Amino acid sequence: MRNTRILVVGLGAMGSATLYHLARRGVPAEGIEQFELGHALGSSHGFSRIFRDIYPHPRYIELAEATIPLWQELDSLAEEKLMHFTGLLYFARPGNKDIQRTAEAMESFNRPIERPTPQEVADRYPALRLPPDTVTCFTAQAGLLNVGRCILEHLKQAQRSGATIHEQVRVHRVDISRETPLLETSAGEFCCDRLIISPGPWASELLADLSLPLRVTRQQEFYFRPKNRAPYQPGRLPVFGDMETKFYGFPDYGPGVKTADDGLGVETSPGRVDRQLDLGKRDDLQKWLEAMMPDAGFTYVEGGTCMYTNTPDRDFIIGAHPGNPNVLVAAGFSGHGFKFSTLVGKILADLASEGITDYPLDQFRPDRFE
Ligand SMILES: Cc1cc2nc3c(=O)[nH]c(=O)nc-3n(C[C@H](O)[C@H](O)[C@H](O)COP(=O)(O)OP(=O)(O)OC[C@H]3O[C@@H](n4cnc5c(N)ncnc54)[C@H](O)[C@@H]3O)c2cc1C
């Protein structure tokens, strides 16, 4: 049996960040991942995730702001740029309540937003043409994170600071009835003082004892390449989101302009997710893009499948397992968790190594659904 002080199970977005923050503060830690590091079978692969400070709740705004120096620190260690401040433009038809609520919330928390007219949008971003009566909300404190590279960089830096990683090792069973949790894995037994479980869409399997009300949904994203790529690059185009359709998109980064639908897809599980691309959705997204960017001459490049792990309230699950305080749980990051991952990692590292964190976690308690 392998004994270790702190063990992190699941090295996707949250687990990789946790291992990084533990290792960087000199705490002996090991991580276990069932697939290859940086694999494309969970919730955190590809080229881009939005980070944004725009949220209708002050708690999320504060947490989003707290992530920025942490991402900047990681960015400064990486050879390739991980974070691009492009700004984020939301838009909708007149009278849309969501955009109104979001703008009012940001103003009431004294956070700077702009509400450019469609003409002002076109002056700033010539590629983007919105109907003249469109209403908007823009924040400069937003952009994209290179999701795949962020995870690999967290892991690389963790290893550089002394963490051990067990790749392609599957955890079959976790026994939390003992003070020091015991794990049965495809590479034998592990025992640890503190255990952190961050299993993404596999949460209902690895945390079955908690009966968490999680719903895994299939989500897909599609890339389209413009004829002339220059006006669509980060900086020349912001990240953009349509509060009417819930469709959103990124500047040309990676294989092209990425688009996806933030509306929940069909319910599934990691074992039976259908990875065949939904070409009807792809065509809808292409039409939506072409209506806004009529000069682009888009060509479809590729698409991919990913999973959201949704909680009923869309709030995350972060905290001690109700059955054992030496086990910490991080799950249910829904469709908006990636931007927080480096901070979630710091919080879990605080809890595992110090037993306390400065960040309020009440909203995220694992036992709030009981
Ligand atoms: C299409 C799409 C778009 C998104 N867009 C955004 C966005 O723009 N902005 C944003 O902030 N968020 C976004 N999200 C959400 C965000 O990506 C997720 O909330 C986040 O990445 C989840 O990270 P995770 O660590 O919980 O899961 P994962 O990254 O999937 O990690 C879980 C890991 O645990 C491992 N694991 C599970 N079970 C075991 C086991 N038994 N043994 C060993 N290892 C195991 C898995 O293999 C996996 O590597 C998006 C998600 C999707 C799908």
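Side notes on the structure shown:
- Filter result (in a strand (DSSP E or B) and more than 15 Å from the ligand (Cβ to nearest atom)) within region 156-201: C191, D193, R194
- Residues within region 332-361 that are touching a helix residue (DSSP H, G or I) at 6+ places or on another chain (Cβ under 9 Å) and within 15 Å of the ligand (Cβ to nearest atom), tallied: 16
- Among the criteria (1) farther than 19 Å from D193 by Cα; (2) not in a loop (DSSP other than H, G, I, E, B), the one Y55 does not fulfil is (2).
- Of all residues in region 143-154, those being more than 10 Å from L74 (Cβ to Cβ), touching a helix residue (DSSP H, G or I) at 6+ places or on another chain (Cβ under 9 Å) and within 11 Å of the ligand (Cβ to nearest atom) number 2.
- Out of V329, V301, sole residue that is under 24 Å from R215 (Cβ atoms) and either aliphatic (A, V, I, L, M) or at pLDDT 95 or above (or both): V329
- Test result for A208, surrounded by 14 or more Cβ atoms within 10 Å (Cβ to Cβ) and under 30 Å from H336 (Cβ atoms): no
To keep it simple, each residue is scored yes or no on (1) away from the ligand (no atom under 11 Å from the Cβ); (2) touching a helix residue (DSSP H, G or I) at 6+ places or on another chain (Cβ under 9 Å).
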| site | (1), (2) |
| --- | --- |
| N3 | yes, no |
| I6 | yes, yes |
| A13 | no, yes |
| G46 | no, yes |
| E65 | yes, no |
| E80 | yes, yes |
| A92 | yes, yes |
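- From the options A142, A122, A127, residue that is at pLDDT 95 or above, within 26 Å of F340 (Cβ to Cβ), among the aliphatic types (A, V, I, L, M) and in contact with a Leu (Cβ under 7 Å, 6 or more places away or on another chain): A142
- Checking each residue in region 15-42 for being of a type in the set (G, A, S) and either away from the ligand (no atom under 13 Å from the Cβ) or outside the structural domain of T342 (by TED's automatic domain parsing) (or both) picks out A23, G26, A29.
- Test: residue in region 324-342 that is more than 24 Å from Y20 (Cα to Cα) and surrounded by fewer than 17 Cβ atoms within 10 Å (Cβ to Cβ): no
- A64 being surrounded by 17 or more Cβ atoms within 10 Å (Cβ to Cβ) and either touching a Cys at 6+ places or on another chain (Cβ under 8 Å) or in a helix (DSSP H, G or I) (or both): yes
- Of the criteria (1) under 28 Å from F247 (Cα atoms); (2) in the same structural domain as F190 (by TED's automatic domain parsing); (3) away from the ligand (no atom under 15 Å from the Cβ), which one P58 fails: (2)
- Scanning region 1-52 for residues that are part of a loop (DSSP other than H, G, I, E, B) and among the aliphatic types (A, V, I, L, M) turns up M1, L11, V27, L37, A40, L41.
The values are calculated or read from the model by the stated rules, or taken from the named source; none is laboratory data. Given the structure is predicted, the values throughout are model-derived calculations rather than measurements. We place every Cβ from the backbone using ideal geometry, glycine too, and count neighbours over all the protein chains shown.
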